[in-house]
Amino acid sequence: MLRSLHMKLVMIMVLLILSLMMVVGAFLINSVTAFYLEDFYSQMGEVFQEPSLYHDLTTPSGEEENGAEQLALVLEAYAGELGVDNRNRKLYILDGNGVCRVSPDGEEVQLEYTENLLFAMTTGLETNEVGDESNLAADYMDVAVPIHRGGQEYIIYILDNKATSNDLTNQMLVLIIESLVFGLIISILLSFLLSKTMITPIQSLTEGAMRVAERDFSRKIEVSSQDEIGVLTDTFNDMAGQLQDTLRQVENERNKLDTLFLHMTDGVVAFSRAGRVIHSNPAAARMLRRRIGEETTYEELFGNTAALEQVLSAPDHLEGDLPVRDRYLELLMAPFDRGREGGGALVVIHDVTEQRKNEEMRREFVANVSHELRTPLTNIRSYAETLTDNAGDLPPDMEKKFLGVILNESDRMTHIVQDLLTLSRFDSERGELKLTRFSFEDAVQDMYNAVYMEAQKHSHALTLELEPGMPEILADRERILQVMMNIVSNSIKYTPDGGHIDIYAGRKQNRVWMIVNDDGIGIPEEDRPRIFERFYRVDKARSRQSGGTGLGLSIAKEIVERHQGRITLLRKEGPGLAIRLELNIEGPGDGNE
């Protein structure tokens with residue numbers, strides 16, 4: 001309701017009246033208070049500046065016993081001029097120590113020491129200055145006049161409680177509130193009339209715009225006035241007519257291109273000079289991973305690659321790249337119908353993801369292989385040069401140690417080359433499987449026995465739990481054992497000494513499974529998708545120290561996929577890693593899950 005223009009106009013008028021009355025009210029109230037304050041201090045100043053009064057106040061009459069009472073008698077004659085009525089404005093006479101000697105009710109009272117009173121007591125008695133500082137925010141008005149009479153010090157203190165000012169302020173506030181209510185009623189009535197006059201033609205425009213949005217151009221909006229809204233209505237009718245003609249032309253062109261673009265494997269998107277989509281084929285939407293409609297613009301799709309003006313002014317064509325999620329697209333952008341109002345830009349999209357991935361994998365593979373082989377070769381050369389340069393001078397035990405390092409690095413290079421040859425055979429489809437039937441339970445037990453001593457060297461607690469009745473499976477036993485050994489060896493290597501490694505195996509329907517769960521260093525969440533990549537390692541320094549090449553799990557994944565099985569990382573609480581291996585009981589040809 002409040003979102004309508006009608007209510008907004010009413011609220012504006014109401015807020016305007018409220019704001020105006022609040023400003024006027026605050027100004028009037030402050031003015032009245034300031035007037036009374038100024039009148040009070042002016043009145044006090046005029047009275048106390050009279051020479052005759054000052055003479056009477058400062059000159060004692062003979063040897064008087066009570067100067068304060070004499071001052072009261074003198075001031076009683078000026079009570080009318082001072083406005084003292086002993087109800088709202090009272091007169092007090094204090095001695096130099098601030099003790100009240102004369103009060104309206106005749107009793108000794110303890111006055112609140114205001115700023116003016118304190119000033120008269122501390123400074124005024126010495127300098128004969130009057131304490132008459134005004135304070136608009138205070139709920140009182142006061143003046144303190146220091147007097148020296150007959151060798152005694154007195155302070156004439158007049159205190160006004162602002163009752164007269166407050167009464168007038170309250171009456172004025174009531175008047176302002178009554179005026180505000182009356183003004184609000186009038187403003188609401190007027191705003192309703194005004195908003196009705198303005199909103200009726202706007203509602204007609206809105207209804208016409210909705211019909212145009214639904215492609216209904218059969219009716220024009222009636223122009224009922226010659227003001228700005230009437231001009232807007234006339235302009236809208238012209239715009240609707242032009243839009244109808246434009247849509248008709250676009251539809252004709254679109255029908256011509258749809259047949260051509262529909263079955264193309266490459267994506268094609270045509271844009272008008274304004275950057276709106278004229279045509280697009282299904283392949284373009286699939287490649288860009290989004291819906292492409294008439295409302296889509298060139299800026300949304302390809303604005304980050306090249307500006308539309310660059311394409312329209314290009315002598316021939318422009319080329320560019322566009323990454324879309326995990327895909328890489330190659331763009332060829334060229335203008336068509338150059339120089340014509342109906343011209344635009346044509347973008348041809350070609351998916352080059354596989355080519356890019358292959359190139360990236362080749363570069364990364366070469367870089368990783370070079371890095372992995374460089375380290376052992378460097379060590380071998382360093383130790384060999386040391387042996388050559390110090391032939392006959394090194395102790396036998398040191399020479400034996402150096403030769404042992406050379407042999408270890410040679411073995412490491414041999415393992416790297418063997419792993420690379422294994423992956424190469426898989427990549428070239430020459431890694432044939434030797435399928436035989438064997439007991440999956442015995443294979444898991446053999447693997448457990450093979451790695452048990454290695455786990456004991458690291459003080460690991462290695463456990464094995466096998467479900468009873470596991471069947472024989474059809475697979476390459478040597479390759480499956482290699483997969484199991486790779487998984488468990490990684491757990492042994494990357495679990496700190498004294499850790500726990502649990503191996504479980506069993507059967508689920510037509511599959512057998514094995515889970516290896518450890519409490520080692522685990523895999524960071526952001527690196528989990530890369531665990532089966534070639535040369536990937538969690539801790540590179542420790543991997544090389546333990547002889548790891550980063551190819552074990554990659555080879556394991558290749559072997560398992562060739563068996564049409566699955567090897568996955570499991571979610572687990574706490575540290576470490578859990579890997580699950582699943583294989584078909586009836587071998588790679590068993591497609592049942």
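General remarks:
- Partners of Lys90 within straight-line reach, counting lysines whose Cα lies under 23 Å from its Cα and excluding those fewer than 8 residues away in the same chain: Lys162.
- Taking every Cα-Cα distance in the chain and sorting them into 20 Å bins starting at zero, the pair-distance distribution P(r) comes out as 13, 19, 16, 16, 19, 14, 2, 0 percent.
- The range 185-326, accessible area per residue, ligands and nucleic acids excluded (1.4 Å, Å²): 66
- Given +1 at the Cβ of Lys and Arg, -1 at the Cβ of Asp and Glu and no other charges, the dipole of the range 74-120 around its Cα centre is 80 debye to the nearest 20.
- Extension reserve of the Glu472-Ile199 stretch, reckoned as 0.36 nm per residue once the Cα distance is removed: 89.9 nm
- Angle of helix 228-262 to the longest C-alpha principal axis of the chain, folded into 0 to 90 degrees and rounded to 10: 10°.
- In this structure, Glu46 and Val14 have a Cβ-Cβ separation that, at R0 = 60 Å, corresponds to a calculated FRET efficiency of about 0.80.
- Between Gly499, Leu75, Ser439, the Cα set farthest toward the positive side of the dipole of the chain (charges on each charged residue's Cβ, about the Cα centre) is that of Ser439.
- Atom-type composition of the exposed protein surface of the chain places 53 percent of the accessible area on carbon and sulfur (1.4 angstrom probe).
- Reachable lysines, given that their alpha-carbon falls under 22 Å from the alpha-carbon of Lys508 and they are not under 8 places away in the same chain: Lys557, Lys572
- A simple spin-label model places pseudo-atoms 7 Å from Cα toward Cβ; at Glu294 and Arg566 they are separated by 4.6 nm.
- Nearest 10 degrees, 0 to 90: helix 163-213 Cα axis against the chain principal axis: 40
- Charge context of Val74, other residues only, Cβ under 11 angstrom, K/R +1, D/E -1: -2
- The lysines whose alpha-carbon is closer than 18 Å to the alpha-carbon of Lys493, local same-chain residues fewer than 8 away aside, are Lys457, Lys540.
The values are calculated or read from the model by the stated rules, or taken from the named source; none is laboratory data. Just so we're clear, the structure is a prediction, and the values are computed from it rather than from any experiment. Every residue, glycine as well, gets a Cβ built from its backbone with ideal geometry; the counts of neighbours run over all protein chains shown. The area values use the complete protein model at the heavy-atom level, side chains included, leaving out ligands, DNA and RNA. Shrake-Rupley method; radii C 1.70, N 1.55, O 1.52, S 1.80 Å.
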